[in-house]
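The values are calculated or read from the model by the stated rules, or taken from the named source; none is laboratory data. Remember, it's a predicted structure, so these values are computed and weren't measured experimentally. For neighbour counting, all protein chains shown are included, and Cβ atoms are generated from backbone atoms with ideal geometry for every residue, glycine included.
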Amino acid sequence: MNDNFNQKQVLQKLEHFCAYQERCHAEVISKLYSLKMAPDEIDNIVVQLIEGNFLNETRFACSFARGKHRIKFWGKIRITNELKARQISSTNITLALKEISAEEYITTFDQLSERFWDSLQEKNNLKKRKKFCDYLLRRGYESNLIYDKVKVLETS
């Protein structure tokens, strides 16, 4: 048992931690380890958080996908990879990606790509293409979308 906190105090602390912002199981477990909790206590607290609806992996994944797309303008590939890194199940990842409508996705992609293309000062067309493609690939957009867009932007 941890000397600094009893299990009830830790549960309250973690309820606040989860209520403040959606969390995935991995973040909560990491937080509990940082509080030097024993593995059986961690399991017990995680179960209580799930039962109290403070911790919900599906809700986290959907919120994460919406937020990263709308605020950071990430593409589906990057969102998927980030969720996998947080040990989210493929079922929840699929549900999360459905939170982003096809129209919203394409609109965001078009706005981001056009704004970035216009901001590039590169005179060499090949270098400009490379910078453009690399930027959007890092953002997690699909290569076929990027290459189609670069063809359109070059001719305009």
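Within region 20-50, how many residues are part of a helix (DSSP H, G or I), under 21 Å from the mean Cα position of the chain (by Cα) and not small (Gly, Ala, Ser)? Residues meeting the conditions: 7.
The single condition from (1) assigned to a helix (DSSP H, G or I); (2) out of contact with any Phe, Trp or Tyr (no Cβ under 8 Å at 6 or more places or on another chain) that Asn53 fails is (1). Within region 75-111, the set of residues being touching a residue at least 40 places away in the same chain (Cβ under 8 Å) and closer than 23 Å to Ser156 by Cβ comprises Gly75, Phe109. A single entry from Gly52, Gly75 fulfils the requirement of being in contact with a Lys or Arg (Cβ under 6 Å, 6 or more places away or on another chain) and not hydroxyl-bearing (Ser, Thr, Tyr): Gly75.
Right, Met37: aliphatic (A, V, I, L, M), out of contact with any strand residue (DSSP E or B) (no Cβ under 8 Å at 6 or more places or on another chain), surrounded by fewer than 19 Cβ atoms within 10 Å (Cβ to Cβ) and modelled with pLDDT under 95 or not? Judged against the criteria, Met37 is not a match. Only a single criterion out of (1) surrounded by 13 or more Cβ atoms within 10 Å (Cβ to Cβ); (2) under 15 Å from Gly140 (Cα atoms) is not satisfied by Ala85, namely (1). If you go through region 15-31 and keep only what is over 17 Å from Ile88 (Cβ atoms) and touching a residue at least 24 places away in the same chain (Cβ under 8 Å), you end up with Glu15, Ala19. Taking residues in region 32-50 that are within 18 Å of Glu22 (Cβ to Cβ), and partners anywhere that are assigned to a helix (DSSP H, G or I) and among the polar types (S, T, N, Q), the pairs with Cβ atoms closer than 8 Å and at least 6 places apart or on different chains are Ile45/Gln7.
Any idea how many residues of region 112-136 are part of a helix (DSSP H, G or I) and free of Cβ contacts under 8 Å to residues at least 12 places away in the same chain? Steps first, please.
To start, the set of residues in region 112-136 that are part of a helix (DSSP H, G or I) comprises 112-119, 125-136.
Next, only the ones that are free of Cβ contacts under 8 Å to residues at least 12 places away in the same chain stay: 115, 118-119, 126-128, 130-131, 134.
Number satisfying all stated conditions: 9.
Being over 30 Å from Cys24 (Cα atoms) and among the hydroxyl-bearing types (Ser, Thr, Tyr) is not true of Ser143.
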